[in-house]
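Heads up: the structure comes next, in structure tokens.
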Amino acid sequence: MTELARMIAGGTVSPVDVVREHLDRITRLDGLRAYITVCGDAALEAARAAEAAVSAGGPLGPLHGVPIALKDLFDVRGVRTTGGSRILEDHVAADDATVVRRLREAGAIVLGKLNMHEFAYGPEGLNVRYGHARNPWDAAAPRIAGGSSSGSGVAVAAGLAAGALGTDTGGSIRIPASLCGITGLKPTYGRVSRAGALPLSWSMDHMGPMTRSAADCALMLRAMAGYDAADPTTSVLPVPDYAAALSGDVKGLRVGLLRDFFLDSAAPEVRAAVEQAAATLGRAGAVVDEVSLPLMPQVAAASFAIVASEALAYHAVNLRTRAAEYQADVRERLMQGIVVSGLHYVRAQQVRALVRNGVDGALARRDVLLAPSTPMAATVVGEARTQIGATAVEVRPSLIRYTRPFNLSGHPACSLPCGFTQGGLPIGMQVVGRPFDEATVLRAADAYQRLTDFHARRPVLA
Amino acid sequence: MLGRMAMADDLPSLRHAARLAGFDWTDAELEAILPAVDGTRALLAALEAVDLDGVEAAMRYTAL
């Protein structure tokens, strides 16, 4: 994305050609089910305008002419926002979401709307109505892309967009980033506006970029972030130039490796990859130690109580009148919200305060924390249980085990590739930072990517 | 105490909880979630095990 933006601005590449090539590839690889809606005509029209602007020599935004795509819960004026659901399949947005407007102002071109787990409520990324997004790394078996931003993960990994927008309530950016071998950033809660995006859980939802590198995330985040009067939870803190922070230097960077609860329960290949990544950063001058976070076993209960309550409240009207139109797993998950009491919800928010303090405490003497993004690589679609070493585990809770602590705490967390399984599936790790210090998170991720090539590898596709 | 408050371990109590929340789901719809509700109840019981004495809930509203 960063290089493409430079080439378009320099006039060496035509944005019309770039958009046309992406649209052709989207058609050719439709079997991956990355997109729900393709905005081909509008994208070509925007590309022609972008080309004219380059020819005219006027000022260009940092993403001028760069084709991106959006998880289908972000509003785009005049385009349907389905939330991946039959229930909203005819819902056409009246205006752009704040992040969409900002990305367009930066010059980005919207190619279309991406597949997702229905209403963002599932970490596998499955969708009955529009077809399951397929992980591009295994041509033989239909493997999950991870969710809920499954189409975003597939589109970026398969070259169907230069970058994508995702949302993350329990890991929905970082899980597909991990399973699809791309880089995805969940910013600090309050860094990026949620206005104009369908909610799953107002207090846990985070919007963020999904790209091929940390440098690309830096470029997108700067365009997206900042205070928005339409979202009262956004911060007034100024937005730094994240790209300028990418020095490639991690000398003296204090890295806390999360072993208890995280590395301890990961598959051996995942554990080895993350330990090797920590060693790579150490050889580059980072100071690595091990640290534990308190209350991790209670995170699942607290997260569930909050998300289930808020999601049930948001979906209450449709659950009363159109329950049969939800896909079964999402309907059943939403219905379970009725067993969460007000007391559970408040106790969960108390646990949340302790978890946040615990993460702050671990970062008091460290710059970032390092952990796997998921305990295992992509599983086969429909597989409810899998093996991690000698242990049989349930896929769904395992997928979100390492990511949701940082939705509860609100800290920024970036997933990036750090290896591959023997079967050729990507492995991801998380870099977690202090609130509103995405610059350090991205600096660490970018430095690692300058030392390795895992993020540069692409799946072989027809 | 908290775990028992959330109790909905059979169809009548689950139906009661649903109606209290304003949902008129059918018995068939409720039966479909009964096995998962048992797991949910066990999960929520974990909140009871945490000492939260004096801890203020993490709910905040920003003025700006």
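The values are calculated or read from the model by the stated rules, or taken from the named source; none is laboratory data. What you are looking at is a predicted structure, and each value in this text was computed from that prediction instead of being measured. When we count neighbours, we look across all protein chains shown, and the Cβ atoms used for this are built from the backbone with ideal geometry, even at glycine.
Table: residues versus (1) surrounded by fewer than 23 Cβ atoms within 10 Å (Cβ to Cβ); (2) assigned to a loop (DSSP other than H, G, I, E, B); (3) in contact (Cβ under 8 Å) with a residue 24 or more places away in the chain; (4) not aliphatic (A, V, I, L, M).
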residue: A:V355; (1), (2), (3), (4): no, no, yes, no
residue: A:G358; (1), (2), (3), (4): yes, no, yes, yes
residue: A:R366; (1), (2), (3), (4): yes, yes, yes, yes
residue: A:T374; (1), (2), (3), (4): no, yes, yes, yes
residue: A:V393; (1), (2), (3), (4): yes, no, no, no
residue: A:P397; (1), (2), (3), (4): yes, no, yes, yes
residue: A:Y402; (1), (2), (3), (4): no, yes, yes, yes
residue: A:L408; (1), (2), (3), (4): no, no, yes, no
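Let's see how each residue does on (1) surrounded by 24 or more Cβ atoms within 10 Å (Cβ to Cβ); (2) among the aliphatic types (A, V, I, L, M):
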position	(1), (2)
A:L73	yes, yes
A:G78	no, no
A:G84	yes, no
A:R104	no, no
A:Y130	no, no
A:D138	no, no
A:P142	no, no
A:A145	yes, yes
A:S148	yes, no
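I need the full set of residues from the stretch B:16-61 which are touching a Pro at 6+ places or on another chain (Cβ under 8 Å) and either at positive phi or more than 7 Å from chain A (Cβ to nearest Cβ) (or both), in order please. The answer is B:Y61, and nothing else. Does the stretch A:358-371 include one or more residues that are more than 25 Å from the chain's Cα centre (by Cα), within 11 Å of another protein chain (Cβ to nearest Cβ) and not hydroxyl-bearing (S, T, Y)? Within the stretch A:358-371, not a single residue is more than 25 Å from the chain's Cα centre (by Cα), within 11 Å of another protein chain (Cβ to nearest Cβ) and not hydroxyl-bearing (S, T, Y). Only a single item in (1) out of contact with any Asp or Glu (no Cβ under 6 Å at 6 or more places or on another chain); (2) surrounded by fewer than 17 Cβ atoms within 10 Å (Cβ to Cβ); (3) closer than 17 Å to A:P397 by Cα is not met by A:S341, and it is number (3). Taken over the stretch A:115-130, the criterion of being in a loop (DSSP other than H, G, I, E, B) and not hydroxyl-bearing (S, T, Y) is satisfied by A:N115, A:M116, A:H117, A:G122, A:P123, A:E124, A:G125, A:L126, A:N127, A:V128, A:R129. Would it be correct to say that A:R404 is under 22 Å from A:L221 (Cβ atoms) and of a type in the set (K, R)? Taking the combined requirement at face value, the residue satisfies it. Within the stretch A:217-239, none of the residues are of a type outside the set (A, V, I, L, M, F, W, C) and under 30 Å from A:L425 (Cβ atoms). Scanning the stretch A:361-370 for residues that are in contact with a helix residue (DSSP H, G or I) (Cβ under 9 Å, 6 or more places away or on another chain) and more than 17 Å from A:Y402 (Cα to Cα) yields one hit, A:D367. Within the stretch A:436-457, none of the residues are in contact with a strand residue (DSSP E or B) (Cβ under 7 Å, 6 or more places away or on another chain), surrounded by fewer than 23 Cβ atoms within 10 Å (Cβ to Cβ), among the hydrophobic types (A, V, I, L, M, F, W, C) and under 25 Å from A:N127 (Cα atoms). Taking A:V330, is it touching a residue at least 60 places away in the same chain (Cβ under 8 Å), at the interface with another protein chain (Cβ under 9 Å from one of its Cβ atoms) and buried (at least 21 other Cβ atoms within 10 Å of the Cβ)? Spelling it out, it is not the case that A:V330 is touching a residue at least 60 places away in the same chain (Cβ under 8 Å), at the interface with another protein chain (Cβ under 9 Å from one of its Cβ atoms) and buried (at least 21 other Cβ atoms within 10 Å of the Cβ). Of the residues screened, A:G337 is not one that is part of a helix (DSSP H, G or I), more than 14 Å from every other protein chain (Cβ to nearest Cβ) and without any contact (Cβ under 8 Å) to a residue 60 or more places away in the chain.
Could we say that A:G208 is among the small types (G, A, S) and buried (at least 21 other Cβ atoms within 10 Å of the Cβ) here?
Numbers: among the small types (G, A, S): yes; buried (at least 21 other Cβ atoms within 10 Å of the Cβ): yes.
Judged against the criteria, A:G208 is a match.
In summary, A:E275 fulfils each of the numbered conditions (1) among the charged types (D, E, K, R); (2) more than 30 Å from A:L253 (Cβ to Cβ); (3) more than 10 Å from chain B (Cβ to nearest Cβ) with the single exception of condition (2).
Elements of the type helices (runs of 4 or more DSSP H) sitting completely within the stretch A:136-236 and holding at least 2 residues that are among the β-branched types (V, I, T), touching a strand residue (DSSP E or B) at 6+ places or on another chain (Cβ under 8 Å) and away from every other protein chain (no Cβ under 14 Å): these cover A:150-157. Candidates are the residues of the stretch A:293-313 that are among the polar types (S, T, N, Q) and under 19 Å from A:S398 (Cα atoms); the one that is farthest from the other protein chains (Cβ to nearest Cβ) is A:S303. Screening A:G419 on (1) under 24 Å from A:L165 (Cβ atoms); (2) in a strand (DSSP E or B); (3) among the small types (G, A, S) shows it passes everything except condition (1). Set side by side, the residues A:A284, A:A278, A:A266 differ, and just one is in contact with a Leu (Cβ under 9 Å, 6 or more places away or on another chain), crowded, with 19+ Cβ neighbours inside 10 Å and modelled with pLDDT of 95 or more, which is A:A278. In the stretch A:1-114, counting only helices (runs of 4 or more DSSP H) that sit wholly within it, the ones holding 1 or more residues that are farther than 23 Å from A:H315 by Cβ and more than 23 Å from the chain's Cα centre (by Cα) span A:2-9, A:15-28, A:40-56. In the stretch A:255-293, the residue that is nearest to A:Q422 (Cα to Cα) out of those that are of a type in the set (D, E, K, R) and part of a helix (DSSP H, G or I) is A:E269.
Reported count of residues in the stretch B:1-12, each being more than 19 Å from A:V351 (Cα to Cα), more than 9 Å from chain A (Cβ to nearest Cβ) and either touching a strand residue (DSSP E or B) at 6+ places or on another chain (Cβ under 9 Å) or modelled with pLDDT under 90 (or both), is 3.
Table: residues versus (1) charged (D, E, K, R); (2) more than 23 Å from A:C217 (Cβ to Cβ); (3) buried (at least 21 other Cβ atoms within 10 Å of the Cβ).
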{"site": "A:M7", "(1), (2), (3)": "no, no, no"}
{"site": "A:G10", "(1), (2), (3)": "no, no, no"}
{"site": "A:V19", "(1), (2), (3)": "no, no, yes"}
{"site": "A:L29", "(1), (2), (3)": "no, yes, no"}
{"site": "A:L32", "(1), (2), (3)": "no, no, yes"}
{"site": "A:V38", "(1), (2), (3)": "no, yes, no"}
{"site": "A:A43", "(1), (2), (3)": "no, no, yes"}
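Tell me, please, whether a residue that is out of contact with any helix residue (DSSP H, G or I) (no Cβ under 8 Å at 6 or more places or on another chain), assigned to a helix (DSSP H, G or I) and not basic (K, R) can be found in the stretch A:240-254. Within the stretch A:240-254, one or more residues are out of contact with any helix residue (DSSP H, G or I) (no Cβ under 8 Å at 6 or more places or on another chain), assigned to a helix (DSSP H, G or I) and not basic (K, R).
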